[in-house]
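What follows is a set of notes on a single structure, which appears directly below.
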Amino acid sequence: MIQRSTWLHLRVPFSFFLLPMFLFALSLAGPQVQWGQAVLALIAWHLCIYPASNGYNSYYDRDEDSIGGLEKPPPVSRELWAVALGLDAVGILLGLLVSWPFALALFVYGLVSKAYSHPAVRLKKYPVLSLLAVAVFQGGFTLLASYHALTGAGLAQLLEARLLWPAGLASLMLLGSYPMTQVYQHAEDARRGDLTLSRWLGIRGTFLYTMTVFGAATAGFGMYYVHYYSWAAAGLFALALGPVLGFFLWWLARTWTDAAQANFRYTMRLNALSASCLNGFYVVFWAWFG
């Protein structure tokens, strides 16, 4: 019987926050989706690889304060490490049922994810390098790997501008948004000696940075949708992000005068709102334009 603390640290519900990248790939695939492979890929990412990554990093971080999706993390055990590696293996085996390149992509993603917190590498100590690793591998890399799983597209097709452009934008969006997920963890990161970009920028600096980079990514998405689809698609994207922008500005105003407002509760609200809006947009987009 797996311990309750292990289940909590896997943070399976947190996979909802990572679902937009898979649905983004689905929206780009349109009628080319191979549904059997799509289901396998979805399970591999969201029930195996992502929870494994959460558990593995929790094992080495040993957080005492709130972490993404878990306000009061319990102590970790050796079982968490073993279960995380087991889930990784199951995810890769499921990936092999899709294709060997997809399984390889899952393996590479897992290696980079482990390097984020493992003491031998601990990318988390390096603000720029860790942010680039997250942005590239949770963003464009995951998008292209998922698109391949959904459609069977080969390398030549994945390198076409129609896919490289959104892959770059996906990474740019994460480049802007990821530091916001660290804005309430400065004390915990300082205790462990980790210098994340958010800690380096400070609370106000993190908000301003995210507003600037995320704004550039949003503009890039607008241009992409106008170029490859229509003004209606671009307008729908802007409409979907409206609630996210509204909440972000409201939170910024509160935090500007009271740094304590940069807390776990509001960070998770922003994550949930952003994921819900983007997930909804990609599903509607796939049904309308796919």
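Readers should treat all values here as calculations from the given coordinates under stated rules, not as data from a laboratory. Only a predicted model underlies this, so the values are computations on that prediction, with no experimental measurement involved. Counting neighbours? That spans all protein chains shown, and the Cβs are built from the backbone with ideal geometry, glycine included.
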- Note on the structure: Neighbour-count ranking for Ser77, Ser198 (other C-beta within 10 angstrom, fewest to most) reads Ser77, Ser198
- In the chain, helical segments from DSSP H whose Cα atoms cover 18 Å or more along their own axis and that average at least 1.0 on the Kyte-Doolittle scale are 15-29, 78-98, 100-117, 161-177, 231-257
- Unit charges on C-beta of K, R, D, E only; dipole of segment 4-289, Debye: 280
- If Cys48, Cys277 are placed from fewest to most neighbouring beta carbons inside 10 Å, the sequence is Cys277, Cys48
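Could you give the size of the charge dipole of segment 129-257 about its Cα centre, using +1 on the Cβ of each K and R and -1 on the Cβ of each D and E, expressed in debye and rounded to the nearest 20?
240
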- Message: Let me understand the chain better: what is its radius of gyration from the alpha carbons, and its Dmax, in angstrom?
- Response: 18.5, 53
- Note on segment 155-290: contact order normalised by length, alpha-carbon pairs under 8 Å, 6 or more apart, percent, works out to 25
- Farthest towards the positive end of the dipole of the chain, among Gly242, Pro101, Val90 and with Cβ unit charges of +1 on Lys and Arg and -1 on Asp and Glu, lies the Cα of Gly242
- Relative contact order of the chain, defined on C-alpha pairs under 8 angstrom at six or more residues apart (%): 22
- According to the Cα gyration tensor, what semi-axes, each the square root of 5 times an eigenvalue, does the equivalent ellipsoid of segment 158-290 have, listed from largest to smallest in whole Å? 30, 16, 12
- Residue among Gln37, Gln261, Gln157 with the largest mean-square fluctuation in a Gaussian network model of the chain, springs linking Cα atoms under 10 Å: Gln157
- Query: What's the local net charge at Ile203, with K and R +1, D and E -1, over the other residues with C-beta under 12 Å away?
  - Reply: +2
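Run lengths n ≥ 4 of DSSP H only: what is the helix-derived mean residue ellipticity at 222 nm for the chain, with -39500 (n - 2.57) per run over all residues, to the nearest 500?
Estimated from H runs of four or more residues: -24000 deg cm²/dmol.
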- Where the centroid of each part is defined by its Cα atoms, how far is segment 77-119 from segment 153-186 in Å? 20
- Query: If the viscosity is 1.002 mPa s and the temperature 20 °C, what Stokes-Einstein diffusion coefficient in µm²/s follows for segment 68-164 when Rh is the Kirkwood radius over Cα pairs?
  - Reply: 141
